[in-house]
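Peer 1: One structure coming up, written as structure tokens, with questions to follow.
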Amino acid sequence: MCTTCGCSSHEDGVSITRIGAEHQHQHLSGWGRFWHFLWYGPHQHSVPAPAAVSTGEKKTIHLEQDILAKNNQSAQRNRGYFEAKNILALNLVSSPGSGKTALLERTLHDLREKMNFAVIEGDQQTTQDADRIAATGAPVVQINTGQGCHLDADMVYRALHELRPAEDTVVMIENVGNLVCPAMFDLGETARVVIISVTEGDDKPIKYPDMFHSAQLCLINKIDLLPYVKFDLERAKDFARRVNPNLEFIELSATVGTGMQSWYQWLLARPRVKLNPTPVGTYSLVH
Amino acid sequence: MHELSIVLSVVDAAAQVAQENQAERIDAIELEIGALSGVELDALEFAWSEGIKRSILAQAEKKFTLIPGKAECSDCGLSFPVTTLYDPCPICNSYFVQVTQGRELKIKSITLEAV
């Protein structure tokens, strides 16, 4: 046990909870440690091993090592796992309040008989989002990052151990609502989907370019509210294309359902998506 | 404030190098930070002073080198300096550009006392 803060596990504030299963959580080693650090101040968790006697000779080691090498290694491990199990893994990123969870709820409901879904929810606190997802019947694991502003690959790796998604599943990873920090952290996802809503500024893509630069698809949500807000769709797309000319767009409203078919078609067009068998002639995308 | 998690990643990597070389402290560390990497140098400086306390890097002299952004136009092939991810090609105005430099986030070197 740490003698400074009394925590019984690792140096961390991150917890992972499988919703609907017997309550369990685990502490992570990793970046969530920084919250612990800020909260308790600098302190040692273990006694360092005595160092060998130095000869006093200086040595410069030319590392040329990526600072995020450890995260990227974990991300590659996740990617290999997804590939081996034919899992389509989507990293959903956005500002808070863009409607990620509402979009997931509707998608999981509408496609529940066509595809198998599993969800990883990332939030600083609470299991509220995971509870909403669990109500759709999809398996879900909640990662609480404490004060952490993003998910990292190691958190996802550990969440996958709780989730244990079956082959041919679509794994939706709802990142922490934050348009800055999650951009830097590869989770091993198959594709990154950035969501903006028309209640935000249409200049968001160039104010927060990193996220749009690293995404493959941009969902523009809440378009049912367009008559009431000053949001120019074409201006927003133009800004986003300056950052990432290859970005695809789908305009939709997760609340009223407009445009959801286009999003489902995009999902169905992903190479790893395998539909659940349905009798010939009875197939329809949405009920 | 992902800069603090960046600093903690550096501390972890440095501790690994120190352990491999049986060094008890690191004298100097040099980082390369790309101008388009998503890390703010000012925020990194602030996070650095907090993040290295009582770590293997507590006494280390640090050097951050900013790597300027460069891109290549996919349409006309021009290589040109950029300060944002959405700078168009200055010759043909295309936004189809590939960033070729400035995304770096690297530990370049570590100096320690060898055993």
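Peer 1: Out of the stretch B:61-76, which residues are buried (at least 16 other Cβ atoms within 10 Å of the Cβ), within 12 Å of another protein chain (Cβ to nearest Cβ) and either over 19 Å from B:Gly34 (Cα atoms) or of a type outside the set (Gly, Ala, Ser) (or both)?
Peer 2: B:Cys73
Peer 1: Could you list all residues from the stretch A:202-216 that are out of contact with any Phe, Trp or Tyr (no Cβ under 7 Å at 6 or more places or on another chain), surrounded by fewer than 24 Cβ atoms within 10 Å (Cβ to Cβ) and within 14 Å of chain B (Cβ to nearest Cβ)?
Peer 2: Step one: of the stretch A:202-216, the residues out of contact with any Phe, Trp or Tyr (no Cβ under 7 Å at 6 or more places or on another chain) are A:204, A:207-208, A:210-216.
Checking which are surrounded by fewer than 24 Cβ atoms within 10 Å (Cβ to Cβ) leaves us with A:204, A:207-208, A:210, A:213-214, A:216.
Result: A:Lys204, A:Lys207, A:Tyr208, A:Asp210, A:His213, A:Ser214.
Peer 1: Working only within the stretch A:69-100, note down all residues that are assigned to a loop (DSSP other than H, G, I, E, B) and over 27 Å from B:Val7 (Cβ atoms).
Peer 2: A:Lys85, A:Asn86, A:Ile87, A:Gly97, A:Ser98, A:Gly99
Peer 1: Mind listing just one residue for me: the one in the stretch B:26-42 that is more than 9 Å from chain A (Cβ to nearest Cβ) and over 16 Å from A:Glu64 (Cα atoms) and, of those, surrounded by the most Cβ atoms within 10 Å (Cβ to Cβ)?
Peer 2: Result: B:Ile26.
Peer 1: For residues that are out of contact with any Phe, Trp or Tyr (no Cβ under 6 Å at 6 or more places or on another chain), under 17 Å from A:Ile173 (Cα atoms) and away from chain B (no Cβ under 14 Å), tally how many sit in the stretch A:66-84.
Peer 2: 7
Peer 1: While we're on this one: Could you list all residues from the stretch B:77-98 that are in a strand (DSSP E or B), of a type in the set (A, V, I, L, M, F, W, C) and surrounded by fewer than 17 Cβ atoms within 10 Å (Cβ to Cβ)? Break it down into steps so the answer makes sense when it comes.
Peer 2: Taking the stretch B:77-98 as the starting set, the residues that turn out to be in a strand (DSSP E or B) are B:79-82, B:97-98.
Subset that is of a type in the set (A, V, I, L, M, F, W, C): B:80, B:82, B:97.
Within the stretch B:77-98, just B:Phe80 meets the criteria.
Peer 1: Could you grab me the full set of residues in the stretch A:155-201 that are among the hydrophobic types (A, V, I, L, M, F, W, C), more than 24 Å from A:Val256 (Cα to Cα), in contact with a Cys (Cβ under 9 Å, 6 or more places away or on another chain) and crowded, with 22+ Cβ neighbours inside 10 Å?
Peer 2: A:Cys181
Peer 1: Please name all residue pairs, on different chains or six or more residues apart, with Cβ atoms under 6 Å, provided the first residue is in the stretch B:97-115 and is more than 7 Å from every other protein chain (Cβ to nearest Cβ) and the second residue is among the charged types (D, E, K, R).
Peer 2: B:Gln98/B:Glu72; B:Thr100/B:Lys70; B:Thr100/B:Glu72; B:Gln101/B:Lys70; B:Glu104/B:Glu32
Peer 1: Please give the number of the condition A:Val93 fails out of (1) modelled with pLDDT under 95; (2) under 30 Å from A:Gly257 (Cα atoms); (3) within 14 Å of chain B (Cβ to nearest Cβ).
Peer 2: (1)
Peer 1: Would you be able to say whether some residue in the stretch B:14-25 is facing chain A (nearest Cβ under 9 Å), among the polar types (S, T, N, Q), closer than 30 Å to A:Asn246 by Cα and surrounded by fewer than 21 Cβ atoms within 10 Å (Cβ to Cβ)?
Peer 2: Scanning the stretch B:14-25, I find no residue that is facing chain A (nearest Cβ under 9 Å), among the polar types (S, T, N, Q), closer than 30 Å to A:Asn246 by Cα and surrounded by fewer than 21 Cβ atoms within 10 Å (Cβ to Cβ), so the answer is no.
Peer 1: Name every residue in the stretch A:266-287 that is modelled with pLDDT of 85 or more and within 15 Å of A:Leu104 (Cα to Cα), in order of residue number.
Peer 2: Result: A:Trp266, A:Leu267.
Peer 1: Kindly evaluate A:Leu219 against the criterion of being more than 14 Å from every other protein chain (Cβ to nearest Cβ) and within 30 Å of B:His2 (Cα to Cα). Please lay out each step first, then the result.
Peer 2: Values: more than 14 Å from every other protein chain (Cβ to nearest Cβ): yes; within 30 Å of B:His2 (Cα to Cα): yes.
Answer is yes for this residue.
Peer 1: Now a separate question. Among B:Leu44, B:Leu4, B:Leu36, B:Leu31, which is within 25 Å of A:Leu151 (Cα to Cα), touching a residue at least 12 places away in the same chain (Cβ under 8 Å) and in a strand (DSSP E or B)?
Peer 2: Details: B:Leu44 fails: in a strand (DSSP E or B); B:Leu4 fails: in a strand (DSSP E or B); B:Leu36 fails: in a strand (DSSP E or B).
None of the others qualify; the one that does is B:Leu31.
Peer 1: Still on this structure: Name every residue in the stretch A:111-142 that is buried (at least 19 other Cβ atoms within 10 Å of the Cβ), free of Cβ contacts under 8 Å to residues at least 60 places away in the same chain and not aromatic (Phe, Trp, Tyr), in order of residue number.
Peer 2: A:Ala118, A:Val119, A:Ile120, A:Glu121, A:Gly122, A:Asp123, A:Asp129, A:Ala138
The values are calculated or read from the model by the stated rules, or taken from the named source; none is laboratory data. Given the structure is predicted, the values throughout are model-derived calculations rather than measurements. Note that each Cβ is placed from the backbone with ideal geometry, even for glycine, and that neighbours are counted across all protein chains shown.
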